[in-house]
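The values are calculated or read from the model by the stated rules, or taken from the named source; none is laboratory data. Predicted model only: the values in this text are computed from it and were never measured. Heads up, the Cβs are rebuilt from the backbone with ideal geometry, glycines too, and the neighbour counts pull from every protein chain shown. Side chains are part of the model used for accessible areas, which takes the heavy atoms of the whole protein and leaves out ligands, DNA and RNA. Shrake-Rupley method; radii C 1.70, N 1.55, O 1.52, S 1.80 Å.
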Amino acid sequence: MGSLVIHGHFYQPPRENPWTGAIDYEESARPHHDWNERIHAECYRANAFARIADASGRVEQIVNNYRRISFNIGPTLLSWLERRHPQTYARILEADRLSIRDRNGHGNAIAQGYNHSILPLCNARDLRTQIRWGTADFGHRFRRAPEALWIPETACNDETLGALIDARLAYVILSPHQAERVRPLGSETWRSVADGSIDPRAAYRYFHRDGSGRSIAIFFYDDLTARSIAFGGALASSEGLVERLARALGREGALANVATDGESYGHHFHFGERCLAYALEVLASARGLTVSNYGEVLERCPPRDEVEIKPGPNGEGTSWSCAHGVGRWYRDCGCQTGGREGWHQQWRGPLRQALDLLRDEAAREFDAMGGELMRDPWRARDDYIEVMLERGANRERFHRRHARRRLSESEQARMFTLLETQRHAMLMYTSCGWFFADLAGLEAVQVMKYAGRVVSHMYELGLRPPLEAFLDTLAQARSNLPEMGSGADIYRRLVQPARVNSQRVAAHLAMSMLAGGGGETAAGEFGNYRYSRQSFRREGRAAPTLASGRILLEVPATGKQRDYAFAAMHLGGMDFCCALHPYAGAGRFKHSVEKLWGCFKRASLPTVLRIVREEFGPDEFGLEDILPDGRRAISELAFAGMLHGFTDQFMRLYEDNRRIVDMLLQAGFELPPALRHVNEFALGRRFELEVCAQNGSRDPAAYRGAIEIAAEVERGGYRIDRSGPNQAMTAMIDRAVHSALANCGAAELRGVIELVELSRAMRLEPNLDSAQEMVYAALAAGRPGSVRLSELEDLLGFAPESLKRLLPMPAANENGEAPRTSQSLISDESPPPAEALI
């Protein structure tokens, strides 16, 4: 049987604001908060819970694609998944654990260069750190050493491969167009494969250039098949995909392997993860293909041939996404994505030169200042990944290992700030900054933001960053958009305003607290910050609203702490203000708070504002200082009254003209677009308010009004926004299924059924994915009492008998008679006996 390996390179560039560590809202990613969230829903989570469906779209199986494919996931993306989507993250780790068992000790997951820098363009120190951080991140998450490391953009040269051999990695994956020549091991005769003709059905041995005899195996993926997946529509059909892979196999016992962006499976191609799941779970074995991974193949079939790779222009190396070596990441080579006719990429060179200048100056200062604090600053930088992974939890252990002596708190803060400077200097070289068409694109601006953070850190350390020379070099880079100007213009316009200090974070949190209630204490995280709220008080249901308290901030990475006393007010509409100062002790705080609240209900508004400034100033902040995420909550608060007013007026218009509209519709007339929009807004708002007014009630009678509105919408052919009610009903169904899993009683089961039926009556389409997954997992695991959950089969969108096939077949009884099957128990009108549910 031939071996089949499909490798998915899952990666998204970091999107966080470097000053806060939070991802700002991205309008273009709607209905999701940002592009990470959108791609997670379409791809990362979709592959963790991939559906195999029947011809009617009903679910037959839910499988974990990561268990069947070779994959790497970028460390910065995995870190985000761990925090934001722990369930998806856990499925990825579980898939690797299971694949070790399935693949003779070889896991599906491999490491990746830390932040997707182009390794051949790194200096020797950064190359080592990228590999060290990437492999250490992998070991921390997957609890094992990686067998391989995905080279970003497969960009490599002899120096890069030598560094991977030094790191004791077993293999690497490259494009066939990166191979130069091959020969049988022990032979003196080379054969050129520079035209991309290397056979991808076997591994090759590459030897270190130092003559030591050390080596690494290279797998060259099948380029034609990989391109058909990425660009040729191969994911339109599971049968077609497997047929292509079988053709790529070519001969018995060989290897068919492809490597593509993992986002192909679900994000680039809708339902691509379903095509992959059916192909690997069902069709591959039917075609005589053994689904495997590179580590297992390498153990079974070690290389018989030696390979040398192309040096690329000036020995810089080659890659899978640039026909000109690695030119795409430092010069106008002609490769770009998303450009318009006549655009150029001459900006790439000055951008890299500016970053190199800043990196080198930061390195000199790191050597000098770091040498006073650390035994070996560069070894400490390599080990700093351990602090990054624990979000600062093991700073003390790091301090003991690397500090020259016992450092004071201020010296420790300086040491960790130096290391954070180096972290951001590494992030400046994230490859996406050069990949696309223009200097003003999101990705190029992001790497400039990392440069801005390096500058900020240097100022914090009392150093003088080379800002003038940096901007002079950036000024040589020109955007293709005349209005955006040079790189220096873009830096001033888009990077400098993104800078956020701790005072602004505290003010943002304080003003955001006006949008909701608050208890006496609260704690949480905001990006890179941990915060706790103390002595919090808030009054005023309508404007003016006042809040006061303390906000304690900590940056886990450096250990820096800030404590602020604040007062914030919402004056009405979009008028917000906040004053804060460093907390000056319990006595001063108590005096200020008593004075403020003593006048709030009896003094004039100007007097209250004056006391806010006097007692909690001098730093003042307004609406413009609220960070992007907070603006959404503030907008909802500020516009709530206006929206209710519009709703009331539009509903009156709708009701006043309802009879005429109905008559015209019945007579076949088309409503004017403006009138249709007014009616849809009114009905949509009324429907949402009707659903929300029930506060999660499960009583169908409570939703009679919403059901009537839904019927009215359907009769009129209106299209209304149901996103809010859909989300509410999704959450209610998930809670009901969770309760049914915990108790497996008739009442709990009936609760799920009633909610789904209620959703249908209101013409809602709640997302049943989570409910399906909970039920499927419980039955697959044979959880006690879960047998009754199969009654939800049709209701939750499963194919007939799909859940029942998960149930264990009962053994014969003591009389040798076959007992009733679990299916017959389920079909009885009366509930099964208690012993059947155990």
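Counting only residues that are more than 20 Å from His7 (Cβ to Cβ) and among the small types (Gly, Ala, Ser), which one in the stretch 292-316 is modelled with the lowest pLDDT?
Gly315
Please go through the stretch 774-790 and pick out each residue that is assigned to a helix (DSSP H, G or I) and either open to solvent by 10 Å² or more (accessible area, probe 1.4 Å) or among the small types (Gly, Ala, Ser) (or both).
The answer is Met774, Tyr776, Ala777, Ala778, Ala780, Ser786, Val787, Arg788, Ser790.
Here are the criteria: (1) within 29 Å of Arg328 (Cα to Cα); (2) touching a Pro at 6+ places or on another chain (Cβ under 9 Å); (3) open to solvent by less than 40 Å² (accessible area, probe 1.4 Å). Tell me which single one Gly392 does not satisfy.
For Gly392, the exception is condition (1).
Among the residues of the stretch 334-351, which ones are touching a Gly at 6+ places or on another chain (Cβ under 9 Å) and open to solvent by less than 30 Å² (accessible area, probe 1.4 Å)?
Cys335, Gln345, Trp347, Arg348, Pro350, Leu351, listed by residue number.
Consider only pairs whose beta carbons are under 6 Å apart and that are at least six residues apart or on different chains; among these, list those whose first residue lies in the stretch 674-693 and is part of a helix (DSSP H, G or I) and whose second residue is acidic (Asp, Glu).
Taking only residues 6 or more apart or on different chains, the pairs are Gly684/Asp721.
Restricting the first residue to the stretch 608-635 and requiring it to be under 30 Å from Asp24 (Cα atoms) and open to solvent by 50 Å² or more (accessible area, probe 1.4 Å), which pairs with a second residue that is part of a loop (DSSP other than H, G, I, E, B) and at pLDDT 90 or above meet a Cβ separation below 6 Å and a spacing of at least six or different chains?
Qualifying pairs under 6 Å: none.
Within the stretch 510-521, does at least one residue satisfy the condition of being open to solvent by 60 Å² or more (accessible area, probe 1.4 Å) and of a type in the set (Gly, Ala, Ser)?
Yes, some residue in the stretch 510-521 is open to solvent by 60 Å² or more (accessible area, probe 1.4 Å) and of a type in the set (Gly, Ala, Ser).
Out of curiosity, is Ser604 among the polar types (S, T, N, Q) and surrounded by 15 or more Cβ atoms within 10 Å (Cβ to Cβ)?
no
Determine which single condition Asn314 fails, assuming it passes every other condition in (1) open to solvent by less than 20 Å² (accessible area, probe 1.4 Å); (2) of a type outside the set (D, E, K, R); (3) over 26 Å from the mean Cα position of the chain (by Cα).
(1)
Answer with yes or no whether Phe646 is in contact with a helix residue (DSSP H, G or I) (Cβ under 9 Å, 6 or more places away or on another chain), part of a helix (DSSP H, G or I) and either farther than 17 Å from Gly573 by Cβ or open to solvent by 40 Å² or more (accessible area, probe 1.4 Å) (or both).
The answer is yes for Phe646.
Select from the stretch 703-725 the residues that are open to solvent by 40 Å² or more (accessible area, probe 1.4 Å) and not small (Gly, Ala, Ser) and write down the one among them that is modelled with the lowest pLDDT.
Applying the filter and picking the extreme gives Arg715.
For residues that are in contact with a Lys or Arg (Cβ under 8 Å, 6 or more places away or on another chain) and outside any strand (DSSP E or B), scanning just the stretch 504-534, find the one that is modelled with the highest pLDDT.
In this case the residue turns out to be Ala506.
Checking the structure you have, find out if any residue of the stretch 762-769 is surrounded by fewer than 17 Cβ atoms within 10 Å (Cβ to Cβ) and within 29 Å of Ala41 (Cα to Cα).
Looking through the stretch 762-769, at least one residue is surrounded by fewer than 17 Cβ atoms within 10 Å (Cβ to Cβ) and within 29 Å of Ala41 (Cα to Cα).
Taking the stretch 365-389 as the search range and keeping residues that are farther than 20 Å from Lys560 by Cβ and of a type in the set (Gly, Ala, Ser), which one is least open to solvent (accessible area, probe 1.4 Å)?
Looking at the filtered set, the residue picked out is Gly371.
Restricting attention to the stretch 226-254, and to residues there that are in contact with a Gly (Cβ under 7 Å, 6 or more places away or on another chain) and closer than 22 Å to Arg300 by Cα, which single residue is surrounded by the most Cβ atoms within 10 Å (Cβ to Cβ)?
Leu249
Condition test on Ala111, is it touching a helix residue (DSSP H, G or I) at 6+ places or on another chain (Cβ under 9 Å), within 19 Å of Ser70 (Cβ to Cβ), open to solvent by 50 Å² or more (accessible area, probe 1.4 Å) and aliphatic (A, V, I, L, M)?
No: the conditions fail for Ala111.
Go through (1) touching a residue at least 60 places away in the same chain (Cβ under 8 Å); (2) hydrophobic (A, V, I, L, M, F, W, C); (3) open to solvent by less than 30 Å² (accessible area, probe 1.4 Å) one by one and return the number of the condition Val282 breaks.
(3)
Quick check on Ala728: is it open to solvent by 30 Å² or more (accessible area, probe 1.4 Å), touching a strand residue (DSSP E or B) at 6+ places or on another chain (Cβ under 9 Å), part of a helix (DSSP H, G or I) and hydrophobic (A, V, I, L, M, F, W, C)?
Answer is no for this residue.
Mind listing whichever residues of the stretch 113-154 are part of a loop (DSSP other than H, G, I, E, B) and of a type in the set (Gly, Ala, Ser)?
Matches in the stretch 113-154: Gly113, Ala145.
Output yes when any residue across the stretch 603-614 is under 43 Å from the mean Cα position of the chain (by Cα), in a helix (DSSP H, G or I) and farther than 28 Å from Val500 by Cα, and no when none is.
No, the conditions are met nowhere in the stretch 603-614.
If I ask for residues that are surrounded by 15 or more Cβ atoms within 10 Å (Cβ to Cβ) and touching a Leu at 6+ places or on another chain (Cβ under 7 Å), which ones from the stretch 683-702 would you list?
Once the filter is applied, which keeps residues that are surrounded by 15 or more Cβ atoms within 10 Å (Cβ to Cβ) and touching a Leu at 6+ places or on another chain (Cβ under 7 Å), the stretch 683-702 yields only Arg698.
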